[in-house]
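The values are calculated or read from the model by the stated rules, or taken from the named source; none is laboratory data. Just so we're clear, the structure is a prediction, and the values are computed from it rather than from any experiment. Note that we place each Cβ from the backbone using ideal geometry, even for glycine, and neighbour counts take in every protein chain shown. Areas reflect the complete protein model, heavy atoms only, side chains present, ligands, DNA and RNA absent. Shrake-Rupley method; radii C 1.70, N 1.55, O 1.52, S 1.80 Å.
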Amino acid sequence: MSSTAQNQPTLVYDIRNSRYLNITGRCTLRCRFCPKHNGSKSIHEYQLDLKVRPRGSDIIPLLGEVTRFDEYVFCGYGEPTLNLDTLLEVAREIKRRGGKVRVNTDGLGNLFHRRNILPELAECVDALSISLNADTETGYIKHCRPRLAGSWDAVNAFIREAPRYIKQVQVSALDGLEGVDIDACRKLVEDAGCQFKHRILGQLG
């Protein structure tokens with residue numbers, strides 16, 4: 001669905017039986033494979049380019065009937081933990097109404113905020129989907145182009161720490177990135193106690 005009138009930002013959109021929440025256009029990565037760095041601002045038919053920083057008051061009226069959806073997913077064309085106050089406010093409201101919350105993240109929230117945000121997420125988030133996308137720091141820098149120094153170590157630390165706070169933690173890597181060993185990615189993830197998701201380059205949603 002489109003949450004606003006034509007030519008306005010899409011804050012809420014549906015894929016299958018999940019409702020997705022687009023709460024920021026900012027990101028801590030500049031991934032070479034991300035559609036927004038290749039001329040596209042959409043997923044499926046949804047235009048996700050944001051010029052604003054949505055607040056909880058912008059998102060909560062768009063939640064709809066929470067029990068209709070399998071889950072609510074914080075996932076747009078930015079890194080949702082960069083708008084942490086809105087994420088937490090909305091997630092708490094979804095949980096209050098009996099819904100399930102998942103956050104799609106690049107795993108750099110602790111590095112960005114300079115503190116461990118996992119205890120805050122644990123209060124209102126059921127599941128994390130973390131993007132890794134490389135088995136070495138060289139590959140990570142090449143393909144993900146992080147904005148923050150120390151990002152490779154930070155994402156791996158976040159992956160190792162996350163299962164202590166969040167029951168369902170899935171970590172993905174893209175098959176098709178030059179020089180990336182998917183089996184090595186799987187080992188990194190499973191050694192950290194997380195579930196590995198093997199994704200295919202170019203497949204969205």
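So here's what we get for this one:
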item	result
Calculated on alpha-carbon atoms, Rg and Dmax of region 122-201 in Å	12.3, 38
Under 5 Å, built H, 5+ apart or other chain: amide partners of residue 15	20
Cysteines not pairable in the chain (beta carbon separation under 4.7 Å absent)	27, 75, 124, 144, 185, 194
Among 135, 106, 153: highest mean-square fluctuation, GNM of the chain, C-alpha pairs under 10 Å	153
Span from the region 68-128 Cα centroid across to the region 135-152 one, whole angstrom	23 Å
Surface accessible to a 1.4 Å probe, per residue, for the residues of the chain, Å²	49 Å²
Among beta bridges that DSSP assigns inside the chain, antiparallel share in %, nearest 5	20 percent
Under 5 Å, built H, 5+ apart or other chain: amide partners of residue 171	130, 195, 196, 197
Rh (Kirkwood; distinct C-alpha pairs) - the chain, Å	17.2 Å
Accessible area (Å², 1.4 Å probe, nearest 10) - residue 172	10 Å²
Cβ charges +1 (Lys, Arg) and -1 (Asp, Glu), total dipole of the chain, debye	400 debye
Solvent-accessible area, 1.4 Å probe, carbon plus sulfur percent, for region 118-205	45 percent
Table column - 3J(HN,Hα) (Hz), region 117-134, Karplus curve with 6.51, -1.76, 1.60, x for Gly and Pro	8, 4, x, 5, 5, 4, 6, 8, 10, 8, 8, 10, 10, 10, 8, 9, 6, 6
Kyte-Doolittle mean at least -1.0 and Cα axial length at least 24 Å: DSSP H helices in the chain	none
